[in-house]
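Working notes for the structure below.
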Amino acid sequence: MKTLPILHRDQFRLWAVRNLQPLIFLAAYFFTLVVGNLLYATSQGGEVLETAGYSRGVLEFSEIFSAGYWILMLMPFVVTPLIVMLVRRLSSGHLSRLADKLPEFTRMDYLVLTMLCYAFLIYSAWHGGIFSVIGSGTDARSSVQTRFLILGQLGFPARIVLMSLLNYLTFYALIRWLRNHGLFWVAATIVNTLLMAISLTLLNMKWPILIFDIGLVLTIFVYAEKNVYFKVAIGAALVLMSYWAISNYVFRAVVVMKPTGVVETPVVNLPVPDVVGTPAAPAITLPPPVLQPTLADRVEHAYQIGRVLAFSAFNRMAIAYPYYYQIFTTEGRVCGGLLEQAHVGPACRPSTYIYTRIFGKDGFEGRGTSPAAVHISAYSLGGWPLAITALLAASVILGLFASLPFDSSATVGAFSIVGALAGYHFSQLPGEGPLLYDHGVIWTVVMLAGYAAWRFMSVRITRSPVQNA
């Protein structure tokens, strides 16, 4: 197996790489949930809520800003670092020995596997009639209907291939490129990145392509040898541009003008949900049709959309937390406990229930979701005992990822990046999300285990070592 040469990282970068998964979890959780709630607690909290498209009524909840409210919100910053340190001490040696047994992909194996993934994806899209509905929808609401249609017709297995397996394979190729393993890996990275950008955009959703882009930036941060911070800064800027561009596409946003040439911004409240397992977007403000806009009109339009997106990023998860704590503290387990949720298709899920409590019957009830971080979701099903258990379990998983020898091979390195993205998902979703949803870690584990078994059997059959790429 080809091992990666050890990079000489500066002290900050080395610390960040060693703790990448819990850092991503805590940073994403802080900026998407904690910051918003800290703002709600200020004298400007009502204004922040109204600017983001929500009601001030949430500030009248009886349990908001109580001691339990803050403890539940802030305990990841105490629990997770301690558990990660403990897990690392206990598991590093065992995981290093396991990592040594994972083979690298040969060029031919990688090519065949990647082509099979894309072939299955194309077949699923064709069989589900996806190509006939892509790009339909003339406004934000009809665009969401199109999204549900695309995801339903594409099917869960194809979404696993797209959002889990191909993500991993692209990160893997990029690591091989960054570690100077040949032109094949340069070409594989470029082709995969372009195809993934197109495929994920056509899902008509924001977060899958943003998570993919963030994964690429994290890979560069961990494995680039020169000008690392400059490359990461460029990558971060491209991620922000991607967020703006994909949001315009998903919301079907257009430049707004009056016949006189003056930009007009009527308020149109359109709560736009994502699919089950992803956060619901808040109310957005979009303009009427275009009338030969000038450059100034386009700049004003870009500013308006950017402002809406900025408020969305800081409030879409934050606003759900007061509802979770208030409802499941005062009303109990309105969707049942853990056992009820373990059934297939339960009548009530906390994420869809909270969505309806926030947005009412807007036509997306039962499909639109407002999920919460792993321990907050657990609180809705089993109170404090389950919340603490869920946070401990998630922290153990993040600790296992943080214990991986990330420089041992590209196979392990790419899996470390997948673990960092799982950290993000733990900050946004219930515990099963980062593990079992279409972007879940388990599917990458299955692929790697299957490939390792195949390589082992090939060696046994041929009784000669298979040469690595």
* Asked: Given the conditions (1) open to solvent by less than 20 Å² (accessible area, probe 1.4 Å); (2) at pLDDT 95 or above, and given that Ser409 satisfies all but one, which numbered condition is not satisfied?
  -> (2)
* **Residue list for segment 60-81, restricted to those being of a type outside the set (Gly, Ala, Ser), in contact (Cβ under 8 Å) with a residue 60 or more places away in the chain and assigned to a helix (DSSP H, G or I)** => Tyr69, Leu72, Met73, Pro76, Val79, Thr80
* Residue satisfying all of: in segment 3-26; of a type outside the set (A, V, I, L, M, F, W, C) and not in a helix (DSSP H, G or I); modelled with the highest pLDDT among these -> Asn19
* In segment 96-123, how many are among the small types (Gly, Ala, Ser) and open to solvent by less than 20 Å² (accessible area, probe 1.4 Å)? -> 1
* Of residues in segment 163-187 being open to solvent by less than 10 Å² (accessible area, probe 1.4 Å) and of a type in the set (Val, Ile, Thr), the one nearest to Ile122 (Cα to Cα) -> Thr170
* From Phe171, Phe184, which residue is out of contact with any Lys or Arg (no Cβ under 6 Å at 6 or more places or on another chain) and of a type outside the set (Lys, Arg)? -> Phe171
* To do: Considering every residue within segment 347-360, establish whether at least one is touching a helix residue (DSSP H, G or I) at 6+ places or on another chain (Cβ under 6 Å), assigned to a loop (DSSP other than H, G, I, E, B) and without any contact (Cβ under 8 Å) to a residue 24 or more places away in the chain.
  => no
* **First in segment 188-213 and modelled with pLDDT of 90 or more, second anywhere and surrounded by 22 or more Cβ atoms within 10 Å (Cβ to Cβ) and of a type in the set (Lys, Arg), Cβ under 9 Å, 6 or more apart** => Ala188/Arg176; Thr189/Arg176
* Structure fact -> Counting only residues in segment 338-379 that are closer than 24 Å to Val79 by Cβ and of a type in the set (A, V, I, L, M), the one surrounded by the most Cβ atoms within 10 Å (Cβ to Cβ) is identified as Ala373
* Could you run through segment 430-443 and say how many residues are surrounded by 24 or more Cβ atoms within 10 Å (Cβ to Cβ) and over 15 Å from Leu166 (Cα atoms)? => 2
* Asked: Considering segment 204-254 alone, what residues qualify as being within 27 Å of Ala402 (Cβ to Cβ), within 19 Å of the chain's Cα centre (by Cα) and among the small types (Gly, Ala, Ser)?
  -> Gly215, Gly235, Ala236
* Which one of Gly93, Gly53 is at positive phi, open to solvent by less than 80 Å² (accessible area, probe 1.4 Å) and either assigned to a helix (DSSP H, G or I) or touching a residue at least 60 places away in the same chain (Cβ under 8 Å) (or both)? -> Gly53
* Of all residues in segment 359-386, which are under 19 Å from the mean Cα position of the chain (by Cα) and polar (S, T, N, Q)? -> Thr369, Ser370, Ser377
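The values are calculated or read from the model by the stated rules, or taken from the named source; none is laboratory data. Worth saying up front: this structure is predicted, and the values here are computed from it rather than measured. Note: ideal-geometry Cβ built from the backbone for every residue, glycine included; neighbour counts use all protein chains shown. Please note that ligands, DNA and RNA were not included when accessible areas were found on the heavy atoms of the full protein model with its side chains. Shrake-Rupley method; radii C 1.70, N 1.55, O 1.52, S 1.80 Å.
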